[in-house]
Structure formats: structure tokens, C-alpha cells
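Since the structure comes first, as C-alpha cells, the remarks are kept for the end.
The values are calculated or read from the model by the stated rules, or taken from the named source; none is laboratory data. Because the structure is a prediction, the values reported are computed rather than measured. Note: ideal-geometry Cβ built from the backbone for every residue, glycine included; neighbour counts use all protein chains shown.
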Amino acid sequence: MFSQQAWYNNIETVPCVALVGVVGMENCRFVKKPQLKSPCLIAAWSGMGGVALITTHHLRQKLQAEECGEILPHDFFSPAEVLIKNHVIQVPKFPGNKFYFWDKGDRHDLLIFIGDDQPQRGWEFAHQVMDVAEEFRVRRIYTSAAFPLWMHHAKEPRVWGTATTAQLVKYLKVYGVMPMGEGSIGGLNGLLLGVARQRGIEGVCLLGEMPIYATRIANPRAARAVLEVLTKMLGIAIDLEDLTAMAEQMEPSMEQLYGLLSDEAREAIARFEDLTAGLGSPLEADQELFDEIERFLREQRDKGEEL
């Protein structure tokens with residue numbers, strides 16, 4: 001019988017090292033196990049605006065983090081289609097799920113995980129990532145995501161955040177992060193932190209604001225805002241000008257999407273910006289901003305107007 005495990009083993013030719021004595025690591029394969037100093041884990045999966053992946057890929061590239069291992073996909077992913085090329089069906093490819101490391105930190109080294117796609121078995125996958133994090137004695141986990149709002153794409157995005165403890169939420173405010181009072185974070189960028197809290201490991205999610213009408217295209221502006229905060233929290237410095245250039249390249253697409261909005265939608269954006277301009281603290285925003293926006297949108301829906 002030809003199993004997914006056998007197929008994956010056939011294409012894997014990189015020599016690996018075992019994580020000796022670790023239970024539940026059968027789905028992991030490492031080419032090396034670096035000795036990391038008080039490491040933090042930076043993890044990312046696909047999501048709105050590509051914010052998490054852009055953020056983490058940029059960090060990895062600028063730090064020149066080295067690949068050290070992966071999570072094998074066969075127990076977590078189930079391909080739903082095949083591609084046809086030159087009239088011939090191709091063998092399905094599984095998304096990458098790779099670990100990288102950076103061991104040059106003054107205070108903390110970094111373990112970086114990048115998942116190219118969301119797995120079907122998200123909760124189990126999150127536990128697998130946490131098994132690796134515990135093996136490397138990770139002290140804190142950072143994820144990132146998008147925070148879609150009724151805002152104009154030319155406005156500088158702020159960063160919102162949440163954490164696994166109330167003390168960490170207070171810590172976020174030191175860096176100008178707006179604390180989320182309620183809501184949800186979809187996919188593994190959120191689920192991983194739920195598992196982290198369950199296991200008693202600190203976790204933080206930083207969310208970059210982005211226009212609600214542009215969630216399906218890349219948003220390097222939001223990613224840059226997240227990285228500006230994240231690098232300060234980590235005590236490292238990297239060049240962010242590439243993201244600025246990427247954001248400029250995306251401007252025509254953003255303008256095109258904005259041009260498709262109804263007058264009512266543009267009014268909602270203007271109303272939102274008027275409200276945020278007068279707010280003096282994160283707590284004010286948490287309490288009144290969304291109530292006011294929701295009240296405005298409800299009025300428009302009651303009138304039968306399409307946003």
C-alpha cells in the first residue's frame with residue numbers, strides 16, 4: 001500500500017538528526033538542533049492581507065535565519081485538487097512547514113516557524129508546533145495578523161494586540177499597541193496562542209490595521225507597522241525599506257479597490273477616521289469606537305443601503 005508517509009519520505013533526501021527522547025515528535029524532521037539562548041518563537045501562517053507571512057518572511061530574510069527543520073505535512077493536510085500541466089496531471093504538492101533559527105541575539109535568540117498554508121487539523125498542528133517550542137525551551141511566542149477596519153488605505157496603520165496574560169497586555173501598551181478588548185483571531189495565528197496559554201507559555205499576537213475593502217491583496221504597509229513594534233520588543237534592528245517600496249507598488253491596486261466602493265462605504269470610512277482622530281487612548285477606542293461604527297453601519301442597513 002502506497003501511503004502519504006511513504007510518498008513524502010521518497011522525496012525527502014536531506015540528512016536529519018533526531019530529537020532524542022522527545023515523545024510526539026514523529027512528525028518532525030530536523031537537519032540540526034541549534035543551542036539557542038532564551039529563545040522566542042516567531043510563527044506565521046497565511047491570513048488576510050498576507051500580513052503574518054510578509055512580516056515573518058521579511059524578518060527571516062533580513063536576519064538571514066538558517067533553516068533547521070520542518071513538520072511533515074501528511075498527518076495535517078489533505079490535498080483537495082490536482083494541477084494539470086501540459087495535458088498531464090501532476091502529483092499534489094504539500095505546503096511547506098519549516099523552522100529557522102537565529103542565534104546572534106543579545107538577549108534572546110529566535111526560532112522562526114513559517115507555514116505556507118493553514119492545515120485542516122489546526123488544533124493538532126498547533127500542539128505539534130508547541131511540542132517543538134518546548135523542546136527548544138521557548139520563553140515567549142509571537143504571532144501576527146491583520147486587523148481589518150473601515151479605514152482609508154493611505155492612513156498609517158496602527159498596531160493592535162492581545163496576549164495570554166493580563167500582565168503581557170499591559171506590557172504591550174508600553175510599545176504603543178492598542179489592546180483588543182474582544183474579538184477573535186482566525187487560523188493558526190490565533191490557535192497557537194490558545195495552546196500556548198493552555199501550556200503556560202507566554203504568547204503575544206500583533207495585528208496591523210488594514211482597509212476592510214482590501215483584505216484579499218498583500219498589505220506590506222500593515223506588515224511594516226507590525227515589524228516596527230515586534231523588533232523593538234525583541235531588541236533587534238532590521239531594514240524595513242523594502243516593505244516601504246512594496247507598499248508603494250501596491251498603491252495602484254489599493255486605489256482601484258477604493259474606487260469600487262459605494263458612496264455609503266466611503267462615508268463609513270470618513271466617519272471612522274473622524275472618530276479615531278479624536279481618541280486619546282487605547283481604552284477609549286476599545287469602548288466607543290466600534291460601538292459608533294457599528295451604530296452607523298446598522299443605520300445604513302436599516303435604510304436598505306448596500307455597503
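In the condition set (1) closer than 30 Å to GLU255 by Cβ; (2) in contact (Cβ under 8 Å) with a residue 24 or more places away in the chain; (3) out of contact with any Asp or Glu (no Cβ under 8 Å at 6 or more places or on another chain); (4) of a type outside the set (D, E, K, R), MET180 is compliant with all but (3).
Within the set ARG199, ARG139, the sole residue that is under 24 Å from ASN97 (Cα atoms), out of contact with any Ser or Thr (no Cβ under 9 Å at 6 or more places or on another chain) and either among the aliphatic types (A, V, I, L, M) or at pLDDT 95 or above (or both) turns out to be ARG199. So, GLU134, is that one of a type in the set (Asp, Glu), in contact with an Asp or Glu (Cβ under 8 Å, 6 or more places away or on another chain) and not in a strand (DSSP E or B) or not? No: the conditions fail for GLU134. If you go through segment 263-279 and pick out every residue that is of a type in the set (A, V, I, L, M) and not in a helix (DSSP H, G or I), you end up with 1.
Scanning segment 97-114 for residues that are modelled with pLDDT of 95 or more and not charged (D, E, K, R) yields ASN97, PHE99, TYR100, PHE101, TRP102, LEU110, LEU111, ILE112, PHE113, ILE114.
It is to be established whether one or more residues within segment 128-144 are assigned by TED's automatic domain parsing to the domain that holds CYS205, among the aliphatic types (A, V, I, L, M) and over 24 Å from LEU191 (Cα atoms). No, there is no match, as no residue in segment 128-144 is assigned by TED's automatic domain parsing to the domain that holds CYS205, among the aliphatic types (A, V, I, L, M) and over 24 Å from LEU191 (Cα atoms).
Yes or no, residue by residue, for (1) of a type in the set (Val, Ile, Thr); (2) closer than 23 Å to MET25 by Cα; (3) surrounded by fewer than 20 Cβ atoms within 10 Å (Cβ to Cβ):
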position	(1), (2), (3)
TRP45	no, yes, no
GLY49	no, no, no
LEU59	no, no, no
ALA65	no, yes, no
HIS74	no, yes, yes
SER78	no, yes, yes
GLU81	no, no, yes
LYS85	no, no, yes
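For GLY183, the requirement of being modelled with pLDDT under 95 and farther than 26 Å from PRO119 by Cα is not met.
Any residue in segment 99-106 that is small (Gly, Ala, Ser), assigned by TED's automatic domain parsing to the domain that holds GLY47 and on the phi > 0 side of the Ramachandran plot? Checked segment 99-106: no residue is small (Gly, Ala, Ser), assigned by TED's automatic domain parsing to the domain that holds GLY47 and on the phi > 0 side of the Ramachandran plot.
Against the condition surrounded by fewer than 17 Cβ atoms within 10 Å (Cβ to Cβ), assigned by TED's automatic domain parsing to the domain that holds VAL204 and of a type in the set (Asp, Glu), how does GLU70 come out, does it pass? Taking the combined requirement at face value, the residue does not satisfy it. Select, from LYS62, LYS98, LYS85, LYS93, the only residue that is without any contact (Cβ under 8 Å) to a residue 60 or more places away in the chain and within 18 Å of the chain's Cα centre (by Cα). Going through LYS62, LYS98, LYS85, LYS93 in turn, the sole match is LYS98.
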